[in-house]
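The numbers here are math on the coordinates, done by the rules we state, and not lab data. These numbers come from a predicted model, not from an experiment. All Cβ positions, glycine included, derive from the backbone under ideal geometry; neighbour counts span all protein chains shown.
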Amino acid sequence: MWIEAPELYWEDCQVTMARLAAAERQIDLAVTSPPYMVEQPYETGMEWIEYQDLLWNTYVGLDTILKPGGYFVINFGDQCRGKQLLGTQVPSTIPMSVTHWDCGRGVGWELQATRIWRKKRRGMGIPFVCNHYPRPVYDYEHIWTWRKCAETHHEVVRNRAMSQWGVLEFEGDLPKKRHVAAFPLGLPEWAIQVYSDIGNLVYDPFMGSGTTGFAALTLERRFIGSEIDESLREQVENFLA
Ligand SMILES: C[S@@+](CC[C@H](N)C(=O)[O-])C[C@H]1O[C@@H](n2cnc3c(N)ncnc32)[C@H](O)[C@@H]1O
């Protein structure tokens, strides 16, 4: 199947989502990993309230462009800067599931599945430590699947073998370190195969190094991505060419 070139927007994803909504364009599936508020360069100085707004606005924006019955697969960790944010004595965790639950239910979606994926210690370069300074570090992260409600609840299980497990592990990855917070290629590959069909339109609002785009194009889906850090432009354009 011939697949169109990816559409890449080097801007705040809010701008892209408003642009797509104005053009009455709809996506079949969104797959992303948002900022985690762990003092990565792209989050420096962000206040907790700004972070909550970023997540809420992402759900609201996606609700304007996701097809009814379409899915949003979000990868997130519980690894915020709890010590600084909460003023606790030791590095502390913030269960981000609470925020994601409020956001998804707030826009009226159904939480179709919760899963976790187990990180490889070797790959992350750090052992499991729950009291690590300045934040706890876990050897797993969450993968939640939201579904935008449709008139009928006719759910198509695309890949029964891939969708049956709640704890996932992703084998292998692209050889080169592409981004400080890149997720393994297997993660978007898994999400795209379970929640979309060939030719569908996949969107990643926090595209980073373009891992979702690479998986989408390889699996014969169309792709739109947004990334606020334009210094990644050449690398991503080459990667997805
Ligand atoms: C966790 S990383 C995503 C990594 C990506 N999954 C990958 O595999 O490379 C989050 C990305 O979101 C970008 N970002 C932060 N705020 C943004 C915004 N408002 N709109 C678009 N991108 C944003 C950051 O620059 C960062 O590259």
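Summary of values
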{"item": "Ratio Rg/Rh [Cα only; Rh per Kirkwood] for the stretch 170-219", "result": "0.94"}
{"item": "Mean Cβ count within 10 Å, highest first, over the residues of peptides 29-37, 213-221", "result": "29-37, 213-221"}
{"item": "Protection proxy ranking, peptides 188-195, 64-71, average beta carbon neighbours within 10 Å, highest first", "result": "188-195, 64-71"}
{"item": "Cα-based equivalent ellipsoid of the stretch 24-71: semi-axis lengths in Å, sorted from largest, via gyration tensor", "result": "26, 11, 8"}
